[in-house]
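Below: the structure, in structure tokens.
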Amino acid sequence: MSPATLRRLTWSRVGVALSVGLIAFGAVVALLPHLHDTEPPPMSLPRGTAGDRVTNVGVQELAAQRVAEQFVIACDTTDPAYPAGDLATETALAPRLVVPHDVVGPPAWRTEDRRTTVTLDPAGPPVAEPGDTVAVVVTGIMTVTSDSSPPVAVPVAERIALHPLPDDHSSDGGGASGWRVVDVEVGA
């Protein structure tokens, strides 16, 4: 460095150069993908060996999603013959859960020939919760039809908490799904 260049180098110029460098570094870091921020936490699968867990994770996730969807459809699809929904399926999937079946909506819905049909979006991934429980968020549209009014579309958003069944599936009459519904939050 020449003496003339050294005289032009001041503390303020060094500070400006450092600030510009830090801003450029921050911009580069912000543009890089951060995959760890978008990954859901891994599921805790209580059954089997470690090797079984690796191969069964996808199957277990799909089974949990399928049970959550079946439960929502059983609860929210109604017609005059089944005004509270498919209670047999609901009870099979959630034997210890008491689901209120109060009709929410205009009073006319309670007295007329009302039907509801549910169209669901793909269920969200199961998210691990304490106690070997997973939660699946199910969204979609419930179409309410009646003899006296045009169809009404109502959004569906429910968080279904599921617990794995014991290996023998004998307690709770769980069937082959491997999961039972233990809690529901509507509007989640």
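Since every read-out is calculated from the coordinates, none of them should be taken as a lab result. The model shown is predicted, which means the values in this text are computed figures rather than measured ones. Ideal geometry is used to build each Cβ from the backbone, glycine not excepted, and the neighbour counts take in all protein chains shown.
Test of understanding: ordering Ile73, Ile141, Ile23 by Cβ neighbours within 10 Å, fewest first, what list do you get?
Ile23, Ile141, Ile73
Please order Leu162, Leu97, Leu32 by the number of other Cβ within 10 Å, starting at the fewest.
Ranking Leu162, Leu97, Leu32 by Cβ neighbours within 10 Å, fewest first, gives Leu32, Leu97, Leu162.
Once both labels are modelled 7 Å past Cα along the beta-carbon direction, what's the Val154-Thr77 spacing in nm?
Reported label-point gap for Val154 and Thr77 is 1.7 nm.
Once amide H atoms are placed 1.01 Å from N in the peptide plane, what residues at a sequence separation of 5 or more from Val156, or on another chain, have their amide H within under 5 Å of its amide H?
Here the answer is Gly140, Ile141, Met142, since their amide H atoms fall under 5 Å of that of Val156.
From the phi angles alone, apply the Karplus equation (6.51, -1.76, 1.60; θ = phi - 60°) to the range 113-122 and give each ³J(HN,Hα) in whole Hz, x where the residue is Gly or Pro.
6, 9, 9, 10, 10, 10, 10, 9, 6, x
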